[in-house]
Structure formats: structure tokens, C-alpha cells
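Colleague: Pasting a structure below so you can have a look.
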């Protein structure tokens with residue numbers, strides 16, 4: 001069973017776009033919660049997670065971080081394993 005991957009984003013967000021491209025290129029399925037027009041809900045997520053920027057990327061409901069963290073997991077060869 002594939003992992004559940006969720007990305008919380010807003011526009012404009014070049015790091016969100018990079019994260020989407022990385023996941024697409026890896027063939028990893030993910031859901032997007034776009035909070036561009038809902039800054040109140042985005043603030044709730046920030047307070048709940050302690051993460052202050054977007055994207056917020058979750059794998060199986062665990063926050064792995066933003067684009068840089070996702071890229072680091074990929075560079076270390078861990079991303080695909082986590083997403084299985």
C-alpha cells in the first residue's frame with residue numbers, strides 16, 4: 001500500500017512548485033491542500049505543526065518539512081522507501 005502524501009501550499013510558491021515537480025518526476029502520488037484563499041486555516045496548520053512556511057509536506061500524517069527537506073530525503077535515497 002502506498003504512503004499517504006499531503007502537501008499544503010499556497011500561491012505563489014516556487015518551493016511548492018519544485019516539490020510538486022520532484023514528486024511528479026518520482027511517480028509519487030500526493031494530495032494537495034491549497035490554502036491560497038484561506039490564510040486563517042493556513043495559520044491553524046502553522047500553529048499546529050510549528051512549521052512557518054509552505055509547502056508543508058506530510059508522509060503518512062508525519063510532517064517531513066518543506067521542499068528542501070523533501071529534496072534531502074530524495075538525495076539520501078530515502079524518499080521512495082518512505083512513500084511505499
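Colleague: Being without any contact (Cβ under 8 Å) to a residue 24 or more places away in the chain and within 22 Å of residue 82 (Cα to Cα) is the filter; apply it to the range 1-22 and report the residue that is surrounded by the fewest Cβ atoms within 10 Å (Cβ to Cβ).
Modeller: 1
Colleague: What is the number of the single condition among (1) more than 13 Å from the chain's Cα centre (by Cα); (2) assigned to a helix (DSSP H, G or I); (3) surrounded by 11 or more Cβ atoms within 10 Å (Cβ to Cβ) that residue 25 does not meet?
Modeller: (3) is the only condition that residue 25 fails.
Colleague: Just to be sure before I move on: is residue 6 modelled with pLDDT of 95 or more and assigned to a helix (DSSP H, G or I) in the structure I sent? First the steps, then the outcome.
Modeller: On the way: modelled with pLDDT of 95 or more: yes; assigned to a helix (DSSP H, G or I): no.
When the stated conditions are applied, residue 6 does not pass them.
Colleague: Residue by residue through the range 28-44, note down the ones that are farther than 12 Å from residue 59 by Cα and either within 12 Å of the chain's Cα centre (by Cα) or buried (at least 16 other Cβ atoms within 10 Å of the Cβ) (or both).
Modeller: Start the filter on the range 28-44 by keeping residues that are farther than 12 Å from residue 59 by Cα, which leaves 32-44.
Of everything in the range 28-44, those that are farther than 12 Å from residue 59 by Cα and either within 12 Å of the chain's Cα centre (by Cα) or buried (at least 16 other Cβ atoms within 10 Å of the Cβ) (or both) turn out to be 32, 33, 34, 35, 42.
Colleague: Further question: For the range 31-84, which fully contained helices (runs of 4 or more DSSP H) count at least 1 residues that are more than 15 Å from residue 11 (Cα to Cα) and in contact (Cβ under 8 Å) with a residue 40 or more places away in the chain? Reasoning before the result, please.
Modeller: Numbers: elements: 39-49, 67-75, 79-82.
Passing ranges, in order: 67-75, 79-82.
The values are calculated or read from the model by the stated rules, or taken from the named source; none is laboratory data. Treat the numbers as computed from the prediction; the structure is a model and nothing was measured. Here Cβ is always computed from backbone atoms with ideal geometry, including for glycine, and neighbour counts include all displayed protein chains.
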